[in-house]
């Protein structure tokens with residue numbers, strides 16, 4: 001019987017190693033090729049509950065995307081986001097509606113392709129104002145009645161000066177909601193110092209809004225802010241302010257009012273259509289995931305909170321859970337397709353308030369080719385259209 005000598009017995013082992021190296025390299029090359037075949041979609045966002053669906057889409061579904069290499073970049077302020085997006089160097093941005101309209105008027109190189117959420121901002125007041133208001137303990141009982149307006153009017157007459165209320169940007173849906181509330185209770189909102197009005201809106205970056213309201217309290221001055229969630233919840237959960245009311249009750253609208261909208265550049269729509277459409281599909285699906293998690297609670301909600309805090313550690317677990325309360329439902333991530341009448345409502349109020357100078361043609365502004373059917377994003381199904389399988 002033929003036997004291999006010692007030298008011959010080593011050859012098959014070396015050959016096996018070479019084969020393993022070959023297959024590993026081939027797999028790696030194939031994976032890199034698959035990754036490089038995707039089209040980069042870079043999107044800008046602000047650390048707000050408004051943009052949670054983008055974070056969930058990024059963490060859960062970017063590896064399932066066939067067309068898009070989805071990338072996110074967090075911006076510290078709306079002005080920085082605006083400048084970067086208007087430079088044309090990124091593909092998408094998630095922007096509060098009045099600011100997006102103003103940007104389109106300045107440089108119409110993009111289109112509105114969907115919503116990021118509905119409702120989702122709130123008025124928070126400091127202890128000085130709440131001594132007059134005496135808010136109910138239950139947040140469900142807090143409504144935009146006359147009490148906050150009466151406290152603001154009393155402060156104006158007593159101090160002979162306006163009360164400053166912080167908003168994330170003067171060109172924001174938050175400014176619209178604040179204007180609408182004050183108008184309903186016969187108060188005037190000014191957007192510039194020394195203009196007539198009992199209340200003055202000033203721009204305060206969302207992450208700085210808790211410090212803004214606390215600083216006013218320490219100087220014995222009444223103050224408030226109208227910001228996106230969870231910043232109002234953070235103020236209350238940390239004990240130096242109170243949520244007075246939610247925007248959903250000031251601007252009631254079917255499925256919730258329009259707030260932050262998704263924008264895509266004309267260049268991205270023309271050259272990366274499938275990739276942009278795929279990103280929007282998974283944002284819708286991520287929104288459905290958040291909705292299901294908030295109803296289930298437990299592990300499902302903990303997973304969503306973990307994703308959010310990975311990207312936005314300043315959002316405390318307690319504040320995120322409060323913002324996503326299924327009982328309050330003060331923000332939602334459903335019905336995220338283009339809503340032209342909903343945007344018309346916000347735009348008309350913004351023009352009436354002097355927030356916007358002129359309207360845009362919404363039909364020209366919107367691109368409805370990115371519509372996603374509700375059945376395609378059901379969490380009870382795979383939720384992936386055949387084009388993405």
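The values are calculated or read from the model by the stated rules, or taken from the named source; none is laboratory data. On a predicted model such as this, the values are computed, not experimentally measured, just so you know. We place every Cβ from the backbone using ideal geometry, glycine too, and count neighbours over all the protein chains shown.
Residues being over 15 Å from residue 45 (Cβ atoms) and touching a helix residue (DSSP H, G or I) at 6+ places or on another chain (Cβ under 9 Å): count how many of those fall in region 81-96.
The qualifying residues number 2.
Just checking, how many residues over region 116-162 are in contact (Cβ under 8 Å) with a residue 40 or more places away in the chain and either buried (at least 21 other Cβ atoms within 10 Å of the Cβ) or touching a strand residue (DSSP E or B) at 6+ places or on another chain (Cβ under 7 Å) (or both)?
Count: 24.
Would you mind finding the one in 331, 346, 362, 321 that is in contact with a helix residue (DSSP H, G or I) (Cβ under 7 Å, 6 or more places away or on another chain) and closer than 19 Å to residue 377 by Cβ?
Details: 346 fails: closer than 19 Å to residue 377 by Cβ; 362 fails: closer than 19 Å to residue 377 by Cβ; 321 fails: closer than 19 Å to residue 377 by Cβ.
Exactly one of 331, 346, 362, 321 is in contact with a helix residue (DSSP H, G or I) (Cβ under 7 Å, 6 or more places away or on another chain) and closer than 19 Å to residue 377 by Cβ, namely 331.
Please state which of the following conditions residue 211 fails to meet, knowing it meets all the rest: (1) crowded, with 22+ Cβ neighbours inside 10 Å; (2) under 27 Å from the mean Cα position of the chain (by Cα); (3) outside any strand (DSSP E or B).
Single failed check for residue 211: (1).
Consider only pairs whose beta carbons are under 7 Å apart and that are at least six residues apart or on different chains; among these, list those whose first residue lies in region 308-328 and is assigned by TED's automatic domain parsing to the domain that holds residue 244 and whose second residue is in a helix (DSSP H, G or I).
none
Regarding residue 95, is this residue within 18 Å of the chain's Cα centre (by Cα), closer than 28 Å to residue 163 by Cα, at pLDDT 95 or above and not in a helix (DSSP H, G or I)? Walk me through how you get there before you give the answer.
Numbers: within 18 Å of the chain's Cα centre (by Cα): yes; closer than 28 Å to residue 163 by Cα: yes; at pLDDT 95 or above: yes; not in a helix (DSSP H, G or I): yes.
For residue 95, the condition - within 18 Å of the chain's Cα centre (by Cα), closer than 28 Å to residue 163 by Cα, at pLDDT 95 or above and not in a helix (DSSP H, G or I) - is met.
Could you say whether any residue in region 220-232 is in contact with a strand residue (DSSP E or B) (Cβ under 9 Å, 6 or more places away or on another chain), within 30 Å of residue 156 (Cα to Cα) and part of a helix (DSSP H, G or I)?
Yes; the residues of region 220-232 include at least one that is in contact with a strand residue (DSSP E or B) (Cβ under 9 Å, 6 or more places away or on another chain), within 30 Å of residue 156 (Cα to Cα) and part of a helix (DSSP H, G or I).
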